[in-house]
């Protein structure tokens, strides 16, 4: 073996060392890239879960606001003064229609199908304020169990029990 062969062998060994080093660096780089892809995928999955959770939280918040608004509307409706009519016997064959509520019954009238139940009544002028009453009379000795009334803002006729 001559010097040139040793020089060639040395150069080859040096090239082999550099190649092995490059291969190791490339392998580490490939592993790091693979790890980075896995981290990116986990990050994307976490972002999707977070977005889904935020969407669910937003939907729940909207539903909560809607429920609160409906509850507030019901509370306001319940707190609003109401007409509350009663028919009470005050004497033998004498009855009074009384508004025991806190609102005035405007446009007050006996429901058309129940007009025949009343023989007569005091003029109430289509208004019956809170704590006001009007005398009513029924034909014969018996009286009905109830009489239906209507007034402004009342969509369906209201059954008013005849007490007595």
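The values are calculated or read from the model by the stated rules, or taken from the named source; none is laboratory data. Computed from a predicted model, the values in this text were never measured in an experiment. A quick note on method: Cβ atoms are made from the backbone with ideal geometry, for glycine too, and the neighbour counts reach across all protein chains shown.
Hey, any hits in segment 68-84 for a residue that's in contact with a strand residue (DSSP E or B) (Cβ under 9 Å, 6 or more places away or on another chain), at pLDDT 85 or above and not in a loop (DSSP other than H, G, I, E, B)? Among the residues of segment 68-84, not one is in contact with a strand residue (DSSP E or B) (Cβ under 9 Å, 6 or more places away or on another chain), at pLDDT 85 or above and not in a loop (DSSP other than H, G, I, E, B), which makes the answer no. Restricting 148, 131 to those that are buried (at least 16 other Cβ atoms within 10 Å of the Cβ), at pLDDT 90 or above and touching a strand residue (DSSP E or B) at 6+ places or on another chain (Cβ under 9 Å) reduces the list to 148.
Scanning segment 69-94 for residues that are surrounded by fewer than 10 Cβ atoms within 10 Å (Cβ to Cβ) and closer than 24 Å to residue 152 by Cα yields 76, 77, 78, 79, 80. Quick check: anything in segment 87-110 closer than 30 Å to residue 164 by Cβ, assigned by TED's automatic domain parsing to the domain that holds residue 146, part of a helix (DSSP H, G or I) and free of Cβ contacts under 8 Å to residues at least 40 places away in the same chain? Among the residues of segment 87-110, not one is closer than 30 Å to residue 164 by Cβ, assigned by TED's automatic domain parsing to the domain that holds residue 146, part of a helix (DSSP H, G or I) and free of Cβ contacts under 8 Å to residues at least 40 places away in the same chain, which makes the answer no. Out of all the residues in segment 56-68, is one or more under 28 Å from residue 153 (Cα atoms), free of Cβ contacts under 8 Å to residues at least 40 places away in the same chain and assigned by TED's automatic domain parsing to the domain that holds residue 154? No, there is no match, as no residue in segment 56-68 is under 28 Å from residue 153 (Cα atoms), free of Cβ contacts under 8 Å to residues at least 40 places away in the same chain and assigned by TED's automatic domain parsing to the domain that holds residue 154.
In the set 114, 142, 122, only one residue is over 28 Å from residue 77 (Cβ atoms) and in contact with a strand residue (DSSP E or B) (Cβ under 9 Å, 6 or more places away or on another chain); that residue is 122. All of (1) at negative phi; (2) in a loop (DSSP other than H, G, I, E, B); (3) out of contact with any helix residue (DSSP H, G or I) (no Cβ under 7 Å at 6 or more places or on another chain) hold for residue 144 with one exception: (3). Among the residues of segment 95-128, the ones that are loosely packed, with under 13 Cβ neighbours inside 10 Å and more than 42 Å from the chain's Cα centre (by Cα) come to 5 in all.
The residue of segment 151-164 that is surrounded by the fewest Cβ atoms within 10 Å (Cβ to Cβ), among those that are more than 14 Å from residue 99 (Cα to Cα) and under 39 Å from the mean Cα position of the chain (by Cα), is 155.
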